[in-house]
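Rule-based calculations on the coordinates, nothing more; no lab input. If you're wondering where the values come from, they're calculated on a predicted model, not measured in any experiment. Neighbour counts run over all protein chains shown; Cβ positions are idealised from the backbone, glycine included.
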Amino acid sequence: MSGLEVGRDERAVCTGCPLVCDDILLADVVATPATQTAVDRPSACEQACERGMKWLAEALRHDDACEASVDAQPAGRDTAIATAALRLNDCRRVLVTGCWDATLETVAAAATLAECLGAAWDPAAAQSAIATGPTATQTGRITADFEELRDRADCVLVWSADPAGTHPRFRERFLTPLASGRERRVFELHGSLERLSGQGTVEIELPEGQAAEAAVCLQLLLQEQFGPSRPAVSSSVRSSTELFTAMAEVAAACLEAECIGVVTADSSGESSGVAAAAISQLVAWLAHKKPAFEVPLSSGGSGAGPSGAAAVSTWRFGGAGAVAVADREGRRLAAAEADANRLLSRGEVDGVVVVGRVPDTIAASLAAFDGLKVSVSDQPPPSVAPQIWLNAAPTSLASDGQVLRDDGRLVELKAVRPIATPSAAELLNRILAELRAKETR
Ligand code: SF4
């Protein structure tokens with residue numbers, strides 16, 4: 001790396017998780033050799049959480065020197081691109097996956113490459129592995145952005161979500177005291193006490209695996225107050241059922257609240273999607289009674305890309321992922337059937353294009369995959385042949401482009417230091433150009 005020059009008071013965007021904090025202050029970071037890591041000092045990345053600091057430090061230390069590798073041997077970028085196109089062209093069936101830390105431009109380029117290859121497409125969206133994924137997409141949800149939650153919701157239900165793990169600064173940024181001085185009550189509802197944070201919240205431990213029943217139960221309790229004259233729940237059921245007892249306090253808070261926000265997760269551990277649908281239905285019903293909305297959080301953990309990838313994928317192919325053949329005219333969605341993990345574990349593909357980072361579950365399947373791997377990433381993959389790695393600029397700090405925050409807000413990235421490495425979008429487009437050139441020869 002040539003060293004880095006970041007001036008005092010530079011604002012940067014952290015793409016370390018789907019919260020995409022754009023208030024990071026890179027103060028006083030001066031030119032250093034790659035081996036000296038001034039950016040490791042916490043004061044150099046003010047506002048960032050621990051994960052963000054690590055993420056940004058890694059991005060700032062990015063090594064521009066190595067362009068690519070082919071079968072674990074260093075290679076020039078042009079050679080690697082030509083080899084990737086050649087080998088991908090020879091594959092029987094390719095999967096394009098990843099995009100967890102990708103800009104919208106990169107996701108679009110990856111989707112176009114998938115179309116050109118007639119590949120399977122799964123940008124690792126959590127819902128692509130859930131059988132009800134497409135149904136949930138079509139049903140829709142009543143959602144709001146994070147600022148709406150911060151400014152309006154005086155009752156917040158954090159339901160089977162783990163913001164501290166997936167979006168470390170979510171609580172600090174969006175569950176602060178209400179400006180109006182009204183009290184904000186926060187409930188955490190989980191199937192296990194271990195997952196409760198206890199940070200100024202009321203913790204409700206739900207019977208294991210009963211999130212859907214809990215949502216129905218809450219709706220019944222509220223219906224009694226809002227709607228029919230006869231009780232929706234008999235008093236004997238209410239007093240004898242553990243679930244009704246657990247939800248009574250939540251129901252009372254919802255009744256008192258002026259605005260209710262429900263924070264949910266796209267991967268709450270259930271494989272059917274029934275609980276997620278029940279919670280969304282509850283929110284839709286509540287929204288007819290008083291201001292209420294859902295704030296869905298994506299799994300996070302390795303970058304800002306999941307929401308952008310899901311959005312581009314839905315726009316192009318009609319679903320967040322698990323597209324058996326990437327073709328915007330004749331797309332075939334197959335949730336819980338053509339998702340990356342299943343295709344890899346069943347040996348249905350002989351080539352994979354991995355764009356940026358992937359969730360741990362897919363990384364494990366990729367480690368066991370012995371076909372062609374083409375990685376376009378800022379990090380070299382483990383050296384296993386046959387594979388091609390193209391060094392791409394890190395999403396944070398170095399690339400110009402846009403990412404989509406989980407609530408749909410577009411965040412502009414900005415380069416805070418010059419970088420010689422091309423963006424992942426540029427590299428994917430160059431592979432695409434090679435493939436198209438071959439078609440016309
Ligand atoms: S919360 Fe996420 S985006 Fe914000 S600083 Fe931490 S890792 Fe980065």
Summed over the other residues with a beta carbon less than 9 angstrom from that of Thr264, with K and R at +1 and D and E at -1, the charge totals -1
Which residues' amide hydrogens lie under 5 Å from the amide hydrogen of Gly191, considering only partners 5 or more residues apart or on another chain, with H built in the peptide plane?
Leu206
Can you list residues from other chains, or at least 5 along the same chain, whose modelled amide H is less than 5 Å from the amide H of Glu46?
Leu25, Ala27
For Glu439 paired with Arg332, estimate the spin-label separation in nm (one decimal), with each label point 7 Å from Cα along the Cα-to-Cβ line.
2.0 nm
For Lys438, counting only lysines whose alpha-carbon sits under 25 Å away and dropping same-chain residues fewer than eight positions off, the answer is Lys373
Reachable lysines from Lys54, criterion Cα separation under 23 angstrom, eight or more residues apart if same chain
Lys414
Sort 110-122, 142-154, 254-266 by the packing proxy (mean of other Cβ within 10 Å over each peptide's residues), most packed first.
110-122, 254-266, 142-154
So, counting K/R as plus one and D/E as minus one, what does the shell of residues with Cβ under 9 Å around Pro394 add up to?
-3
Ranked on Cβ counts within 10 Å of their own Cβ, fewest leading, Glu439, Glu348 go Glu439, Glu348
For segment 343-414, max minus min Cα coordinate along each principal axis, in Å, sorted largest first?
38, 25, 16
